[in-house]
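Chemist: Quick one: this structure, given as structure tokens, is what I'll be asking you about.
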Amino acid sequence: MANNITFTMIKPDAVAAGNSGAIIKMIEEAGYRIVAAKKTILTPAHAGQFYEVHKGRPFYNDLCKYMSSGPVIAMVLEKDNAVEDFRKLIGSTNPAEAAEGTIRKLFAKSIEANAVHGSDSDANAAIESSFFFSMTERF
Ligand code: CMP
């Protein structure tokens, strides 16, 4: 699909480590246009809502705590084949399994503190983008 979107968050570990700039550079060099961007701190309740799909999984409570432990940078990104290409750019959820040169291989600290989030479908990209941004905040 032409000019479709994905949603990403640079997670608290990567923001705290000062890796936001390097990660955004990789994203732009991969051909993504930043449609919207926001640095914010999630409450545990908001993190829980964002990751509702994982409710009940053993890592859910820790994930909510971690995702509200410091600022994140949320972004809507636009490019052809945005979702699939972005998942290739970031690599596997577990950095130990991520391919060389991927964002998670380079910057993630653990399976939880894995530097970035990326949407897993066009439908979720739309839902996740709307969680953070109204249509009038996208340029
Ligand atoms: P993300 O791609 O944002 O989606 C769900 C998040 O849960 C994942 O990245 C990790 O930050 C976190 N997580 C923690 N433990 C696990 C696990 N065992 N499996 C999958 N995700 C995990």
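Chemist: Given the conditions (1) under 13 Å from the mean Cα position of the chain (by Cα); (2) under 15 Å from Asn114 (Cβ atoms), which single one is not true for Ala16?
Modeler: Here Ala16 clears every test but (1).
Chemist: In addition: For the structure I just gave you, tell me whether Leu42 is surrounded by 18 or more Cβ atoms within 10 Å (Cβ to Cβ), of a type outside the set (Val, Ile, Thr), under 18 Å from Ser134 (Cα atoms) and away from the ligand (no atom under 14 Å from the Cβ).
Modeler: Details: surrounded by 18 or more Cβ atoms within 10 Å (Cβ to Cβ): yes; of a type outside the set (Val, Ile, Thr): yes; under 18 Å from Ser134 (Cα atoms): yes; away from the ligand (no atom under 14 Å from the Cβ): no.
Taking the combined requirement at face value, the residue does not satisfy it.
Chemist: Next question, about the same structure. Give the residues of the stretch 1-31 that are under 23 Å from Asn81 (Cα atoms), hydrophobic (A, V, I, L, M, F, W, C), open to solvent by 10 Å² or more (accessible area, probe 1.4 Å) and in contact with a helix residue (DSSP H, G or I) (Cβ under 8 Å, 6 or more places away or on another chain), sorted by residue number.
Modeler: Matches in the stretch 1-31: Met1, Ile5, Ala22, Met26, Ala30.
Chemist: Can you tell me which residues in the stretch 97-130 are surrounded by fewer than 18 Cβ atoms within 10 Å (Cβ to Cβ) and farther than 20 Å from Val15 by Cα?
Modeler: Listed by number, the residues that qualify are Glu97, Ala99, Glu100, Asp120, Ser121, Asp122, Ala123, Asn124, Ala126, Ile127, Ser130.
Chemist: Pull up the stretch 46-64, narrow it to residues that are open to solvent by 80 Å² or more (accessible area, probe 1.4 Å) and more than 8 Å from the ligand (Cβ to nearest atom), then point me to the one that is nearest to Asn114 (Cα to Cα).
Modeler: Checking each candidate, the answer is Asn61.
Chemist: Taking the conditions exactly as written (open to solvent by less than 10 Å² (accessible area, probe 1.4 Å) and under 14 Å from the mean Cα position of the chain (by Cα)), does Ile34 satisfy them or not? It would help to see each step written out before you state the result.
Modeler: On the way: open to solvent by less than 10 Å² (accessible area, probe 1.4 Å): no; under 14 Å from the mean Cα position of the chain (by Cα): yes.
It is false that Ile34 is open to solvent by less than 10 Å² (accessible area, probe 1.4 Å) and under 14 Å from the mean Cα position of the chain (by Cα).
Chemist: I've got another one for you. Would you point out the residue of the stretch 83-96, among those that are under 20 Å from Thr6 (Cα atoms) and among the small types (Gly, Ala, Ser), that is surrounded by the fewest Cβ atoms within 10 Å (Cβ to Cβ)?
Modeler: Ser92
Chemist: Pairs only if they're at least six apart or on different chains, beta carbon under 6 angstrom, first in the stretch 101-118 and of a type in the set (S, T, N, Q) and more than 9 Å from the ligand (Cβ to nearest atom), second open to solvent by less than 50 Å² (accessible area, probe 1.4 Å) and in a loop (DSSP other than H, G, I, E, B); list them, first residue then second.
Modeler: Cβ pairs passing all conditions: Thr102/Gly91.
The values are calculated or read from the model by the stated rules, or taken from the named source; none is laboratory data. These numbers come from a predicted model, not from an experiment. In this analysis, Cβ positions are derived from the backbone assuming ideal geometry, glycine residues included, and neighbour counts consider all displayed protein chains. Each accessible area value is taken on the protein alone, full model and side chains, heavy atoms only, with ligands, DNA and RNA left out. Shrake-Rupley method; radii C 1.70, N 1.55, O 1.52, S 1.80 Å.
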